[in-house]
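Asker: Attaching a single structure in structure tokens format; questions to follow.
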Amino acid sequence: MAAESSTLKASLQSIEAVRHQDKATRQDDGFLYQKLLFDCPMTYETTPGGKDTAWLEMSAELLYGRKGDDVQKILFTEKNVKDLLRTKKILVFLCGGPMDKNEANRNPTMNELLLDKGYWILFPDYRGTGQSKTYRDVPMGKPSRDNRIVPQQIGNKWYKKLRQTDIVRDLESVRRCLLGDKKWETLGQSFGGWVSLTYLSFHPQGLEKVRIAGGLAPFDNARDVYKSLFRLVIERNDDYYLKYTGDVQTVRKVVRWLAKKDMNRDSVVLPKGNLPEAGLLTAQRFLCMGRMLGARGTWEKIHDTLAAMESDIENDDTGNQLTDETLALYKHNDSWRIDDRPGYAVMHEAMYCVQDGSRSNWAAHDIAQKFSRQYWWVNCDLKQISAELEKRDGKLYFSGEMVYKFFFDTYGGLMDKELKEEAFALAEYKWPEKMYDDGQLSKNTVPVNAVSYKEDMHVDPVLSEQARKKFGNGSMNHELVGEGLEHAALRTHTNKVIDLLWRT
């Protein structure tokens with residue numbers, strides 16, 4: 001800790017006002033924002049000469065009020081922003097992911113409630129996401145030898161430096177830069193809870209209070225986590241088919257049709273858009289729509305997509321076509337958004353590598369074999385699926401939030417050869433740092449309020465309750481709630497979740 005402390009350094013390089021639109025009306029959303037840009041070390045180790053080799057350009061947005069408030073009169077400058085922040089309650093919102101951008105205007109209701117509680121809210125883009133995707137060989141404030149500082153994109157070689165352990169180093173570096181000795185509070189949603197636990201493990205001195213929504217992370221290894229998650233997803237499939245009983249046969253019909261095309265090397269090609277490669281809608285990729293089962297409010301979208309596909313298959317004379325409208329509907333309802341955030345697939349299983357020396361090794365792909373009655377199709381060759389379908393009756397089970405090897409052959413955003421090679425190398429990589437420090441958490445004194453959901457398909461509430469027991473000194477207040485709340489409840493039931501998190 002002491003040795004690392006000297007490398008936790010960031011410098012504020014620029015500040016500018018930004019505006020966001022309301023997603024529904026496309027009008028100014030009425031909030032006041034400032035964009036802050038920092039230099040953070042890309043690696044927190046140093047070269048033998050003691051100089052950092054690269055500097056991350058880390059972006060964060062500060063939401064500090066509403067249009068018309070007195071604070072609108074504040075003129076922010078690089079010189080006064082630190083003094084202003086040190087007089088305010090600062091809350092850092094840690095978004096879900098991994099590898100997702102942190103949009104400050106994603107949840108206006110939450111923003112309103114937090115402003116009413118007196119917070120200024122910081123929305124940092126984690127390294128490698130959003131507007132934190134570039135680095136430089138020298139800090140922005142220093143000229144290079146030829147007086148040109150050319151930013152470079154964070155590419156595949158940097159994935160080993162994009163986990164929670166380095167994310168929290170960035171956060172703590174920024175806190176020290178902005179606030180000095182003053183602490184701040186955090187609110188972590190989903191993966192933001194993973195980040196919160198890592199922060200509590202290694203840099204608790206920067207935290208005043210921590211709140212976690214649907215993200216009290218499991219301390220188990222990846223395989224044990226997936227054993228739990230597959231069981232939850234199977235239950236959700238059964239619930240879905242109880243509601244939409246006719247979809248049992250519809251899904252079989254669609255999968256049979258897709259599998260036949262796959263077998264004939266004529267897989268459905270999805271619209272390419274701005275991607276370098278067009279994705280393929282194979283039978284396997286189609287059965288990964290089950291990520292949407294995690295929110296019952298989206299089940300109708302699954303049903304509508306199935307109905308559109310069935311209609312196309314039945315009404316096309318050649319039996320060889322899905323309409324552009326149906327393909328667009330599928331892409332719109334594909335909640336993975338991997339083509340927009342390929343790093344999500346690359347880094348997903350890494351967040352379960354909690355011990356030093358652990359590796360993911362395609363854990364979901366492997367554990368699927370232990371649920372062979374439901375997930376026989378995961379490890380099938382595309383040519384085998386048609387034959388297997390003829391042997392098996394009944395329901396076909398959608399998969400949940402599990403990333404498989406075949407994603408890198410079916411999602412256009414993942415088909416880059418170097419990206420695929422890096423993803424497969426990372427699956428074998430032994431992560432050299434543990435994610436959490438059990439000893440530190442057992443003596444934790446930072447107050448933590450966490451809410452987990454009995455009906456969460458993405459984070460097993462049983463494992464969350466086990467995680468709670470890691471905390472000592474009565475520092476963890478964990479509420480397990482039902483009432484129809486699910487993984488995304490901070491967005492869908494914002495008032496309720498905020499009330500729960502601020503109850504004590």
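Bear in mind these aren't lab numbers, they're just calculated from the coordinates by the rules spelled out. Remember, predicted model here, so these are calculated numbers, not experimental data. All Cβ positions, even for glycine, are placed from backbone atoms using ideal geometry, and neighbour counts span all protein chains on display.
Asker: If packing is taken as the average count of other Cβ atoms within 10 Å, what order do 83-90, 259-266 fall into, highest mean first?
Answerer: Taking the mean over residues of other Cβ atoms within 10 Å, the ranking is 259-266, 83-90.
Asker: Take every DSSP beta bridge whose two residues both sit in the chain, then give the antiparallel share in percent to the nearest 5.
Answerer: For the chain, the DSSP antiparallel bridge percentage is about 55.
Asker: Using mean Cβ contacts within 10 Å as the protection proxy, how do 343-349, 70-76 order, highest first?
Answerer: 343-349, 70-76
Asker: Relative to the longest principal Cα axis of the chain, at what angle does helix 324-333 sit, 0 to 90 degrees, rounded to 10?
Answerer: That works out to roughly 50 degrees.
Asker: Which of the listed residues, VAL81, MET292, ASN495, is farthest toward the dipole's positive end in the chain, when Lys, Arg count +1 and Asp, Glu count -1 at the beta-carbon?
Answerer: Looking along the dipole axis, the top candidate is VAL81.
Asker: State, as an integer percentage, the relative contact order of segment 222-428 based on alpha-carbon contacts under 8 Å between residues 6 or more apart.
Answerer: Rounded, it is 33 percent for segment 222-428.
Asker: What do you get for the angle between helix 191-202 and the principal long axis of the chain? Use alpha-carbon atoms, 0 to 90 degrees, nearest ten.
Answerer: For 191-202 against the chain, the angle is about 40 degrees.
Asker: Moving on to the next point. Quote the FRET efficiency, to the nearest 0.05, computed for THR250 versus LYS117 with a Förster distance R0 of 41 Å and r equal to the Cβ-Cβ distance.
Answerer: So the FRET efficiency works out to roughly 0.30.
Asker: Can you bin segment 420-504 into rounded, prolate or oblate? Criterion: square roots of the alpha carbon gyration tensor eigenvalues sorted a ≥ b ≥ c, rounded for a/c under 1.5, prolate for a/b above b/c, oblate for the rest.
Answerer: oblate
Asker: Using Cα atoms only, what is the angle between the long axis of helix 247-263 and the major principal axis of the chain, expressed in degrees (0 to 90) to the nearest 10?
Answerer: On a 0 to 90 degree scale, this one is about 90.
Asker: What is the pair-distance distribution P(r) of the chain, computed from all Cα-Cα distances in 20 Å bins starting at 0, with each bin given as a whole percent?
Answerer: 22, 54, 23, 1
Asker: Report the convex hull volume per residue for segment 154-300, counting only C-alpha atoms, in Å³.
Answerer: For segment 154-300, the hull spanned by Cα atoms encloses 191 Å³ per residue.
Asker: Answer with one residue from SER464, VAL481, LEU441: the one whose Cα lies farthest towards the positive end of the charge dipole of segment 432-485, charges on Cβ with Lys, Arg +1 and Asp, Glu -1.
Answerer: LEU441
Asker: For segment 313-399, rounded, prolate or oblate, judged on the Cα gyration tensor with a ≥ b ≥ c (square roots of eigenvalues), a/c < 1.5 rounded, else prolate if a/b > b/c?
Answerer: Oblate.
Asker: Moving on to the next point. Could you work out the mean projected area of the convex hull around the alpha carbons of segment 268-426, in square nanometres to one decimal?
Answerer: 10.7
Asker: Still on this structure, please answer the following. From the cross-link list LYS395/LYS430; LYS133/LYS454; LYS133/LYS182; LYS227/LYS383; LYS35/LYS182; LYS157/LYS209, which pairs have alpha carbons spaced over 31 Å apart?
Answerer: Violating the 31 Å limit, Cα to Cα: LYS395/LYS430; LYS133/LYS454; LYS157/LYS209.
Asker: Which value, in debye to the nearest 20, describes the size of the charge dipole of the chain about its Cα centre when Lys and Arg Cβ atoms bear +1, Asp and Glu Cβ atoms bear -1, and nothing else is charged?
Answerer: It comes to approximately 1180 debye.
Asker: May I pose another question? Using amide H atoms built 1.01 Å from N in the peptide plane, name the residues 5+ places from ALA450, or on other chains, whose amide H lies under 5 Å from its own.
Answerer: Result for ALA450 returns ILE212, ASN477, HIS478, GLU479.
Asker: May I ask you to order 443-452, 102-111 by the average number of other C-beta atoms within 10 Å around their residues, highest value first?
Answerer: So the peptides 443-452, 102-111, ranked by packing, come out 443-452, 102-111.
Asker: Quick one: length gained pulling ASP83 to TRP502 fully straight, 0.36 nm per residue minus the C-alpha distance?
Answerer: Computed gain between ASP83 and TRP502 is 148.1 nm.
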